[in-house]
1. Explain nothing, just compute: Karplus ³J(HN,Hα) = 6.51 cos²θ - 1.76 cosθ + 1.60, θ = phi - 60°, for every residue of the range A:42-58 in order, whole Hz, x for Gly and Pro.
2. Spelling out what I want: for every residue of the range B:24-33, take phi, set θ = phi - 60°, compute 6.51 cos²θ - 1.76 cosθ + 1.60 (Karplus), and round to whole Hz; glycine and proline get x.
3. Summing +1 for each Lys or Arg and -1 for each Asp or Glu, what net charge is found among the other residues whose Cβ lies under 14 Å from the Cβ of B:P96?
4. Give the lysines reachable from A:K102 as a straight Cα distance under 23 Å; neighbours fewer than 8 places away on the same chain don't count.
5. Quickly work out the B:R22-to-A:I109 label distance, labels modelled 7 Å from Cα along the C-beta direction, and quote it in nm with one decimal.
6. When the accessible area of the protein assembly as shown is computed with all protein chains present and a 1.4 Å probe, what percentage of it is carbon and sulfur?
7. So, in Å, what gap is there between the alpha-carbon centers of the range B:1-73 and the range A:1-43?
8. For the ranges B:33-39, A:60-66, what's the packing order if you count other beta-carbon atoms within 10 Å of each residue, average per peptide, and put the highest first?
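The values are calculated or read from the model by the stated rules, or taken from the named source; none is laboratory data. Remember, it's a predicted structure, so these values are computed and weren't measured experimentally. Backbone-built Cβ (ideal geometry, glycine too); neighbour counts: all protein chains shown. Surface accessibility is based on the protein's heavy atoms, side chains included, excluding ligands, DNA and RNA. Shrake-Rupley method; radii C 1.70, N 1.55, O 1.52, S 1.80 Å.
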Amino acid sequence: SQQGEEDPQALSIQEGENATMNCSYKTSINNLQWYRQNSGRGLVHLILIRSNEREKHSGRLRVTLDTSKKSSSLLITASRAADTASYFCATITGNTPLVFGKGTRLSVIA
Amino acid sequence: NAGVMQNPRHLVRRRGQEARLRCSPMKGHSHVYWYRQLPEEGLKFMVYLQKENIIDESGMPKERFSAEFPKEGPSILRIQQVVRGDSAAYFCASSPPSGGLQETQYFGPGTRLLVL
């Protein structure tokens, strides 16, 4: 069954606004990763956050992890048109492979 | 350092033919993963290989699909007697020797398979 579920499924914002995407999962995890996929392209790794971490930053990206709620959020600040893409969370549990959600499709309008 | 390479980028096959998808991992990476993505869906894990070994094939269909990662050369995902339902994007990822499943995976651009 699907482990990570992103919310919302689609998000449309104006350039310069912040975009927040959420991911919920069902079982305990070792780590959670966020990826970006531009239309028709491969995935690009954004951030990995381990189960004992609560927040990580990378440039305009901020990821939080709440293991008590089994949820994570990805915040993109000051969004740009180039941020338009699908964003996926993926979880690792034990020695099981990455399990991806269906993604959030972000559109940033210039 | 070149990234993960996949070829071909696009592949068209008729029903019943064979499809061979190739993946060259990043230099120094010894772990390879194959995923399948249907339109508007996330990636679904298929198989995890190390050199000359299949570590986890729990996501591979039982029939017609096979994968290998030989000592020399790229990893190959082989689909025999393709059917229309095999049409999808197939992505390969690699990771370094340390960490395996727990570490970041680097993805290739994918092969888009269309079965007519």
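1. Result, ordered by residue: x, 8, 10, 6, 9, 8, 10, 10, 8, 5, 9, 10, 10, 7, 9, 10, 8 Hz.
2. Coupling constants for the range B:24-33: 9, x, 4, 4, x, 8, 10, 10, 10, 10 Hz.
3. After counting each charged neighbour, the total is +1.
4. Candidates past the 8-residue exclusion: A:K26, A:K56, A:K69, A:K70, B:K44.
5. Taking the two extended label points, one gets 4.5 nm.
6. That share works out to 47 percent.
7. Using only Cα atoms to place each centre, the spacing works out to 24 Å.
8. Ranking, from highest mean packing down: B:33-39, A:60-66.
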